[in-house]
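Novice: Can you read through this structure? Questions will come right after.
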Amino acid sequence: MSRKPELRGRAARLARLFPTGPGQAARTPFVLLVVLLLGGGLIGLLVLNSALSEGQFKLDDLQKQTKSLTDEEQALQRDIDAYSAPDALQRRAHELGMVPGGDPAFLDPNGTVKGVPEQATAAKTSVEAPLVLAPEALVSSPSPTTVVSTPAATRSVQPAQPSTPQSSTPTTPGR
């Protein structure tokens, strides 16, 4: 049988610091620590995954809202373009009773008049249908046709269209 050699001096002092018996380090606290760390990590991942999913839902909602607002902006821009087209402006000015002006006259800084001023006349001008129609002109409900039967003949009668002037201010959707 082998016997351990006796230690002296410094080696003996160091040997006293370490246990010499068959005692093992307690495994229970170490195993408990590892289980707690793994469980905490899994719970942390679950919370992080839930937060990311919620963020993705919000992102989807915001993208849908952005798309609808972009569509509305484009519709409003089309309305603005239709109202600001030269033909549409001319037609609306004529509806308001405005007439084209004559040749202008200019004042010099010394007070003399250059040119011959002319008064605008309400001459009959033919207003053609504009190439770009105003939005309210694009949306028109078809008028119903009434059929009246008489013993002599059957004829189609169109109801009279009221001549109400259109509003000078455009209406925009959602306002």
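Novice: In segment 27-48, how many residues are open to solvent by 90 Å² or more (accessible area, probe 1.4 Å) and under 44 Å from the mean Cα position of the chain (by Cα)?
Specialist: Residues meeting the conditions: 6.
Novice: I would also like to ask the following. Can residue 106 be described as in contact with a strand residue (DSSP E or B) (Cβ under 7 Å, 6 or more places away or on another chain) and either modelled with pLDDT of 85 or more or open to solvent by less than 70 Å² (accessible area, probe 1.4 Å) (or both)?
Specialist: So residue 106 fits the description; yes.
The values are calculated or read from the model by the stated rules, or taken from the named source; none is laboratory data. Keep in mind that this is a model prediction, so the values were computed, not measured. Positions of Cβ are backbone-derived with ideal geometry, glycine not excepted, and every protein chain shown enters the neighbour counts. Just so you know, the surface numbers come from the protein's heavy atoms only, side chains and all, with ligands and any DNA or RNA stripped out. Shrake-Rupley method; radii C 1.70, N 1.55, O 1.52, S 1.80 Å.
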